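Trainee: Can you keep this structure in mind? I'll have questions shortly.
The values are calculated or read from the model by the stated rules, or taken from the named source; none is laboratory data. None of the values given here were measured: they were computed from a predicted structure. All Cβ positions, glycine included, derive from the backbone under ideal geometry; neighbour counts span all protein chains shown.
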Amino acid sequence: MEIQTIFVLLVCFGMYAAICGAVGGVILTKQNRVVTGWLLGLLLGPLGWLIALVMADKKRAAIRQKTISRKRKKKCPDCAELVLAEARKCRFCGYEFSPKEQDMED
């Protein structure tokens with residue numbers, strides 16, 4: 001191969017790697033794991049993006065659980081939405097909590 005062809009291939013690969021790394025970093029920005037996302041994208045490409053998305057979803061689920069416990073909320077058994085622990089009726093679906101369910105939350 002000619003030197004020009006090799007140079008063009010290296011530049012294209014470098015641009016592809018940089019774009020993949022940037023996308024991976026953006027995916028994990030909210031979790032303050034930009035470097036991890038960047039490395040996943042850089043080294044694994046689109047597969048790294050999928051791994052970063054799974055990592056982000058797990059982090060969101062953990063944050064949601066912390067929010068439930070901190071703000072004293074409970075999950076409606078009918079529609080699975082979060083409502084205040086003191087609520088007698090779900091504001092989303094209208095499910096009425098029994099007095100026993102309300103006492104358990106206190």
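Trainee: Conditions first: (1) at pLDDT 80 or above; (2) out of contact with any Asp or Glu (no Cβ under 9 Å at 6 or more places or on another chain). Gly94 passes all but one, so which condition is the exception?
Mentor: Unmet for Gly94, out of (1) at pLDDT 80 or above; (2) out of contact with any Asp or Glu (no Cβ under 9 Å at 6 or more places or on another chain): (2).
Trainee: For region 3-45: of the residues being assigned to a helix (DSSP H, G or I) and hydroxyl-bearing (Ser, Thr, Tyr), which is surrounded by the most Cβ atoms within 10 Å (Cβ to Cβ)?
Mentor: Among them, the one singled out is Thr36.
Trainee: Let me ask something else about it. Yes or no: Lys75 surrounded by fewer than 17 Cβ atoms within 10 Å (Cβ to Cβ), free of Cβ contacts under 8 Å to residues at least 24 places away in the same chain, assigned by TED's automatic domain parsing to the domain that holds Phe97 and not polar (S, T, N, Q)? Full working, then the answer.
Mentor: On the way: surrounded by fewer than 17 Cβ atoms within 10 Å (Cβ to Cβ): yes; free of Cβ contacts under 8 Å to residues at least 24 places away in the same chain: yes; assigned by TED's automatic domain parsing to the domain that holds Phe97: yes; not polar (S, T, N, Q): yes.
Yes, satisfied.
Trainee: Any residue in region 71-78 that is touching a helix residue (DSSP H, G or I) at 6+ places or on another chain (Cβ under 8 Å) and farther than 30 Å from Pro99 by Cβ?
Mentor: no
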